[in-house]
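The values are calculated or read from the model by the stated rules, or taken from the named source; none is laboratory data. Values in this document were obtained by computation on a predicted structure and should not be read as measured data. Glycine gets a Cβ as well: all are built from the backbone with ideal geometry, and neighbour counts include every protein chain shown. Areas reflect the complete protein model, heavy atoms only, side chains present, ligands, DNA and RNA absent. Shrake-Rupley method; radii C 1.70, N 1.55, O 1.52, S 1.80 Å.
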Amino acid sequence: MEEKKEYGQGILFTVTNYIYWFLLTNIYFILMNSVFLFFFMTLQPSFSNSLLYFLALIPSGPAIAAMCYSMEKLVRTKELSPTRDFFEGYKKNLKDTFSIWLPMLVICFILLVDFHYFRQSSSHISQIGSTILVVLLIMWAMVMLNVLVINARYKFRVRDLFRLSIYYGFTKVKQTTGNLLILFIVGVITASTTNFFILFTGSVIVFLIVLNMKAVFADIEDHFLVTPSKGKQSRA
């Protein structure tokens, strides 16, 4: 006869834990994005308000970093203390996140403005320009994802972080394709349901992205981490 599993080892217990972890982390994520939510709910979704959206997204960087930090720990240890881990990740990544988040937002904003400019004309050159910008936006989204997730786990200089993110974006094709597919599916569901879908399922989305990047973490530890006395140091 099969032995009874101890309390805390059953599938139902594990599933319940994950639901609790995802739900509570997502609540904190929404609260820390309250500035963006206010603008999102009160402004018309038009290009004329894009600068205000850009400003409202600046405080969202640390919240995204905290989410990545929490989900990376969950993937790695299969355990999470939502309150402690989320705000620990928020505090740890606050300074570093602004040094990487603001440049990423600026580049994204510039690309979107240029894309809007090209879309105003139906000329052949404008169509080519808008197509190129779509490709650049997709590539930049790939880099942004890698930067945020890698930065949640390891401490690198900003330029090294971007180099690694670009490097893995092109060398880990399976992981890059997987992340872009996740974003595509999320975009389709959001377009067919509600714009709030991303906010209320953010923890699950980030969990899937981090889970997909386990091979990247393993490669970083094999090839790019050295002892603290020599420079780089992993973030425990």
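At-a-glance table
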{"item": "Cut-off under 5 Å, modelled amide H: who pairs with Y154 long-range", "result": "R235"}
{"item": "Ranked by how many other beta carbons lie within 10 Å on average, peptides 100-110, 119-129 from highest", "result": "100-110, 119-129"}
{"item": "Spatial separation of Cα centroids for the range 148-210 and the range 34-110, in angstrom", "result": "13"}
{"item": "Positive-pole candidate from I185, W101, L112, dipole of the range 60-187, charges at beta carbon", "result": "W101"}
{"item": "Within the accessible area of the range 5-99 (1.4 Å probe), percent carbon and sulfur", "result": "70"}
{"item": "Stretch gain in nm, segment R84-K174, where the contour uses 0.36 nm per residue and the Cα spacing is subtracted", "result": "29.1 nm"}
{"item": "Solvent exposure of the range 118-186 as accessible area per residue, Å², 1.4 Å probe", "result": "56"}
{"item": "Estimated 222 nm signal from helices in the chain, with DSSP H stretches of n ≥ 4 weighted -39500 (n - 2.57), rounded to 500", "result": "-26000 deg cm²/dmol"}
{"item": "The range 1-110, accessible area per residue, ligands and nucleic acids excluded (1.4 Å, Å²)", "result": "60"}
{"item": "Point-to-point label distance, F197-I128, nm (Cα→Cβ direction, 7 Å offset)", "result": "3.5"}
{"item": "Principal-axis tilt of helix 173-192 within the chain, Cα atoms, nearest 10 degrees", "result": "70"}
{"item": "Förster radius 41 Å - calculated FRET efficiency between F47 and K155 (Cβ-Cβ, nearest 0.05)", "result": "0.65"}
